[in-house]
1. Check C220: other-chain or 5+ apart residues with amide H under 5 Å from its amide H, H built from backbone geometry?
2. At q = 0.11 Å⁻¹, what is the log10 ratio I(q)/I(0) for the chain, with the Debye formula run over Cα points and no solvent?
3. Starting from the Cα of K200, draw a straight line to each of the aspartates and glutamates and keep only those under 20 Å, dropping any in the same chain fewer than 8 residues away.
4. Hey, fewest Cβ within 10 Å first, where do L204, L167 land in order?
5. Please compute the modelled spin-label separation between N213 and D187, points set 7 Å along Cα→Cβ, answer in nm with one decimal.
6. Highest mean first, what order results for 178-191, 76-89 on Cβ atoms within 10 Å?
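Any read-out appearing in this document is the output of simple, stated calculations on the displayed coordinates, not a laboratory observation. Computed from a prediction, not measured in an experiment: that's the story for all the values here. So basically every Cβ, Gly included, is an ideal-geometry build from the backbone, and we count neighbours across all protein chains shown.
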Amino acid sequence: MSKKLFLLALAAASFGLFALPVAASAEEIHIDTATSFTGSGVGGSLVTEAEPTITCEIVDVNNGVITPGGTTGSMSLDFTGCHASVFGLTAKCHTTGSALDNTIASGGTIHLITWKNSSGTAFPAVLVTAVTTEIICAGISTTHVEGNLIGTITSPKCGETSNKLSLSFSATGPVQNHILYTNNPYDLISRTGGGGGTPKTAGLNASPTITMNTSGKLTCT
């Protein structure tokens, strides 16, 4: 969503590190050397059951910080060119206080982890805890997005060194494809009507690539 999206939606806020279960430490990974990053990618979409799909053209990653140890950090997300179809009309979408009517600003804390598929194979991934983000579409529809989402690290592979990190957040309809970490669910939640509506699971599709200030090795053991 543009100087972007959601949530993260995956900008305008500051973030504190979130807590993970004690058992999660064995599945943390880290990237050495790098301390900051920026990035961009295709804006993607936010899908919620029985609600208008919000689509953005571009996502920019700003203010990215990797804390000492290379496992945790924070970032802001700016989604541009955001809109939804409301009552058959194309409505521009923006976050509360945005200077533009098609820009969604969000962000959150990040944690580098391993995600396991149904066969138990582990893949490098990132767990994002998003700040609560209010999205308004043409003054007609108001949506609050909060919670967590897991995205895979498609490049580099474990053990490789690079100054770029490619991420993929994907969903099947309103359900994020990757939700479980250490047998605990980490889901993205959407509420309509000023934040007081019934919580519904939401799915984010976005594929940003971030560039770090220095090259670092992705260590998964």
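1. Hits under the 5 Å cutoff: G159.
2. -0.48
3. Excluding near neighbours in sequence, the set is E49, E51, E134, E146, D187.
4. Numbers: L204 27, L167 22.
Arranged by neighbour count, lowest to highest, L204, L167 become L167, L204.
5. Label at D187, label at N213, 3.9 nm between them.
6. Details: 178-191: 17.8, 76-89: 21.4.
Ranking, from highest mean packing down: 76-89, 178-191.
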